[in-house]
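Structure record follows, encoded as structure tokens.
The values are calculated or read from the model by the stated rules, or taken from the named source; none is laboratory data. Just so you know, these numbers come straight off a predicted model, no measurement behind them. Using ideal geometry, Cβ is built from the backbone for each residue, glycine included, and neighbour counts are taken over all protein chains shown. To get the accessible areas, we keep the full protein, side chains included, count just its heavy atoms, and leave off ligands, DNA and RNA. Shrake-Rupley method; radii C 1.70, N 1.55, O 1.52, S 1.80 Å.
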Amino acid sequence: MGKLIVFEGTDGSGKSTQFNLLCSRLQEQGTQFQRLVFPQYSEPSSALLRMYLAGEFGPHPTDVNPYAASTFYAVDRYAAWKKVWEKSYRAGSLILSDRYTTSNAVHQGSKLAQADQPAFFDWLVGFEYGKLELPKPDAVIYLDMPTHMSIQLLRSREEATNTKGDIHEVDEDYLALCGETARRAAQHYGWHKISCVNESGRLRTIQDIHTEIWSLLTDKLSLV
């Protein structure tokens, strides 16, 4: 079997930036790998989750319960597994993924009371890794960004691209809940937490964060 490394973080955490930096560095040094990005918005398998994010089932994330919404995303991942990366993973390839089952823990777990979240986290493991037989990650890199900073980055991105976020991204109270839930999920699952701020509370540079991720994956975990 191959190795699966997942990047996770709340919206506006810089997750995709760090994911792309790692991919670029691996390409430069000639390391063979396959990259995945979830959801697969251009694929038919994402139809239900696109409807959900567009607000067709309700304008607020909690209008769809966490178990139902989780299945939308899980089906999209299962389609990718069967069509895109199962063969290469079974052949021993390195797989890098921007989001994965981990995102259900963060975004859908936030719809539940704190006391109910551990049971939901365990249900996700049984459903996606057990019933659907999707591979478990060898490492999850969780980028921990303070909510007020991630909101600033999201609003700046929307202004720069003249776009509007989905029902997750525009709901700032929900984003705050996701940040809290993500930290609990990281502890529950044993994710590798990378703080996006330094000891003085200032935002770290992109390169500084990348250097820590690279050291973790190469020196400590020997995954790349």
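Here GLU8 does not fit the description of being modelled with pLDDT of 95 or more and open to solvent by 70 Å² or more (accessible area, probe 1.4 Å).
Of all the listed residues (VAL125, VAL140), the sole one being modelled with pLDDT of 95 or more, over 16 Å from ASP11 (Cβ atoms) and surrounded by 17 or more Cβ atoms within 10 Å (Cβ to Cβ) is VAL140. The number of residues in region 204-224 that are surrounded by 14 or more Cβ atoms within 10 Å (Cβ to Cβ), under 18 Å from GLY190 (Cα atoms) and of a type in the set (D, E, K, R) comes to 1. Taken together, the residues in region 182-197 that are touching a Lys or Arg at 6+ places or on another chain (Cβ under 9 Å) and over 11 Å from ASP144 (Cα atoms) amount to 1. All but one of (1) modelled with pLDDT of 95 or more; (2) farther than 26 Å from TYR89 by Cβ; (3) open to solvent by 30 Å² or more (accessible area, probe 1.4 Å); (4) of a type in the set (A, V, I, L, M, F, W, C) hold for VAL64, so report the exception by its number. Tallying (1) modelled with pLDDT of 95 or more; (2) farther than 26 Å from TYR89 by Cβ; (3) open to solvent by 30 Å² or more (accessible area, probe 1.4 Å); (4) of a type in the set (A, V, I, L, M, F, W, C), VAL64 fails exactly one: (3). The selection criterion, being open to solvent by 50 Å² or more (accessible area, probe 1.4 Å) and closer than 25 Å to LEU217 by Cα, does not hold for ALA115.
Just the residues that are closer than 18 Å to ASP11 by Cβ and either modelled with pLDDT of 95 or more or surrounded by 15 or more Cβ atoms within 10 Å (Cβ to Cβ) (or both), please, taken from region 41-55. Please lay out each step first, then the result.
Initially, region 41-55 is screened for residues closer than 18 Å to ASP11 by Cβ, giving 41, 46, 49-50, 52-55.
Of everything in region 41-55, those that are closer than 18 Å to ASP11 by Cβ and either modelled with pLDDT of 95 or more or surrounded by 15 or more Cβ atoms within 10 Å (Cβ to Cβ) (or both) turn out to be TYR41, SER46, LEU49, ARG50, TYR52, LEU53.
Listed conditions (1) within 22 Å of GLU128 (Cβ to Cβ); (2) open to solvent by less than 50 Å² (accessible area, probe 1.4 Å); (3) polar (S, T, N, Q); (4) over 18 Å from the mean Cα position of the chain (by Cα) are all met by THR31, apart from (1). The set of residues in region 183-203 that are at pLDDT below 95 and either over 21 Å from VAL6 (Cα atoms) or crowded, with 19+ Cβ neighbours inside 10 Å (or both) comprises CYS196, ASN198, GLU199, SER200, GLY201, ARG202, LEU203.
Do any helices (runs of 4 or more DSSP H) entirely within region 15-83 hold 3 or more residues that are touching a residue at least 24 places away in the same chain (Cβ under 8 Å) and within 23 Å of LYS193 (Cβ to Cβ), and if so, which?
So the answer is 15-28, 66-80.
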